[in-house]
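A quick write-up on the structure given underneath.
The values are calculated or read from the model by the stated rules, or taken from the named source; none is laboratory data. Keep in mind the model is a prediction, meaning the values are calculated, not measured. For neighbour counting, all protein chains shown are included, and Cβ atoms are generated from backbone atoms with ideal geometry for every residue, glycine included. Accessible surface is based on the protein model in full, side chains and every heavy atom, while ligands, DNA and RNA are left aside. Shrake-Rupley method; radii C 1.70, N 1.55, O 1.52, S 1.80 Å.
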Amino acid sequence: VQLVESGGGLAQAGGSLRLSCAASGLTVSSARMAWFRQAPGKERAFAAAINTYGTYYRNDVKGRFTIPRDNAMNAVYLQMNSLRPEDTAVYYCAATQRSTNDYSTDRGYDYWGQGTQVTVSA
């Protein structure tokens, strides 16, 4: 399984960015896919997830981020709107084919991308 992220970069506060995660070796429509982020000096933390039952978000990104999925492209995305400086982090795509409930923790995923940097300036 390989997950390849793209789309990170620099944005101003209030702006938007869209991250992409292209998957190979698994089918995103039947897997649980997620985005985590790691801010400087902090542990990696859950941002958003999608599975066959729905989507899930950490509280401080609800209403600003969405996690759409493109089954034809076998990819998931993280659409980030109304960006804030505190969204600055390295963003990681994650995936698992297991059916467990721990969608918001690292141990709930088996495969990880290399990460992409998102920097939001004030």
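When Gly8, Gly115 are checked against the criterion of being at pLDDT below 95, small (Gly, Ala, Ser) and open to solvent by less than 40 Å² (accessible area, probe 1.4 Å), Gly8 stands alone in meeting it.
Which of the residues belonging to segment 12-32 are within 13 Å of Thr116 (Cβ to Cβ) and either crowded, with 20+ Cβ neighbours inside 10 Å or among the hydroxyl-bearing types (Ser, Thr, Tyr) (or both)?
First, pick out the residues of segment 12-32 that are within 13 Å of Thr116 (Cβ to Cβ): 17-22.
Those that are within 13 Å of Thr116 (Cβ to Cβ) and either crowded, with 20+ Cβ neighbours inside 10 Å or among the hydroxyl-bearing types (Ser, Thr, Tyr) (or both): Leu17, Leu19, Ser20, Cys21.
Modelled with pLDDT of 95 or more and buried (at least 17 other Cβ atoms within 10 Å of the Cβ): does that describe Thr55? Explain how you work it out, then say what you get.
Details: modelled with pLDDT of 95 or more: yes; buried (at least 17 other Cβ atoms within 10 Å of the Cβ): no.
Criteria not met by Thr55.
Looking at segment 1-57, which of its residues are among the basic types (Lys, Arg), part of a strand (DSSP E or B) and either out of contact with any Ser or Thr (no Cβ under 6 Å at 6 or more places or on another chain) or within 23 Å of Thr88 (Cβ to Cβ) (or both)? If the condition is that a residue be among the basic types (Lys, Arg), part of a strand (DSSP E or B) and either out of contact with any Ser or Thr (no Cβ under 6 Å at 6 or more places or on another chain) or within 23 Å of Thr88 (Cβ to Cβ) (or both), then Arg18, Arg37 are the ones that fit.
The residue pairs whose first member lies in segment 107-122 and is under 23 Å from Leu10 (Cβ atoms) and among the hydroxyl-bearing types (Ser, Thr, Tyr), whose second member is part of a loop (DSSP other than H, G, I, E, B) and open to solvent by less than 70 Å² (accessible area, probe 1.4 Å), and whose beta carbons are closer than 9 Å, counting only pairs six or more residues apart or on different chains, are Thr116/Gly7; Thr116/Gly8; Thr119/Gly8; Thr119/Thr88; Ser121/Ala13; Ser121/Thr88. Put simply, of Ala45, Ala72, Ala95, Ala39 the only residue that is at pLDDT 95 or above, open to solvent by less than 50 Å² (accessible area, probe 1.4 Å), among the aliphatic types (A, V, I, L, M) and under 18 Å from Ala23 (Cβ atoms) is Ala95.
Scanning segment 58-74 for residues that are in a helix (DSSP H, G or I) and not aliphatic (A, V, I, L, M) yields Asn59, Asp60.
The residue pairs whose first member lies in segment 75-86 and is in a strand (DSSP E or B) and at pLDDT 95 or above, whose second member is open to solvent by 60 Å² or more (accessible area, probe 1.4 Å) and among the polar types (S, T, N, Q), and whose beta carbons are closer than 7 Å, counting only pairs six or more residues apart or on different chains, are Gln79/Thr66; Met80/Ser16.
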